[in-house]
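Bear in mind these aren't lab numbers, they're just calculated from the coordinates by the rules spelled out. Here the structure is a predicted model, which is why all the values come from computation and not from measurement. Cβ: placed from backbone, ideal geometry, glycine included. Neighbour counts: every protein chain shown.
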Amino acid sequence: MTMNLPGPALLERACRGWPLIATGLPVLDSVVELVGELGALHRDRLMEVRLDSIDRRRIMSAGALDTLVTCELPPPGRGARAHTETISSVVDRMASWCAVLHTPVATCLTASEVAFARQRVAEIRRGYGALREELVLGMSRLPQRTTLAPVSFAGLDVILRRAKSIELHDQDRTHCHRLSEA
């Protein structure tokens, strides 16, 4: 069963939109194709204005991915813990961060913002790897309903909110420093 879920490295490559070679395993190839589609939609989302059709396609791709994965997993064992996210939710988060790193938007980011995005991708990659193993061993079960986080909790929006928070914090410190000098 492990072969029908891509490993963390393949998952990340598909999210980034890197060329992939067919494995010859139809289910795995279909899963990787859907992962790549979610990655492409997030890259498109950063570059386009018409977001409503992109978000509809994102939801459809995520649902298709979850259906395919659920059909291929072994049944969870007795006492399997319930995971909080579906596979597509995890993939969607990774895709949003990969899009930030691998589109022209990345050229506008500071070194610390790029490091922050890379750290998020690495964390999601590790978490996905652990979830993948637990699912294959029947130790975890996935939610039955696909739910994607609002895009405002993804990639670039998080970086922009974080930058604004740091900027406001710096302004407060400067203001406080001026008051203490007076």
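Worth pointing out:
- Going by neighbour counts of Cβ atoms within 10 Å, the residues Val105, Val91 line up, fewest first, as Val105, Val91.
- Nitroxide proxy distance, nm - points 7 Å out along Cα→Cβ at Glu123 and Leu25: 2.9
- Cα gyration tensor category, rounded, prolate or oblate, for the stretch 67-138 with a/c compared to 1.5: prolate
- Annotation: amide H of Arg141 within the under-5 Å range of Arg81, Ala82, His83, sequence separation 5 or more or interchain, hydrogens built in the peptide plane.
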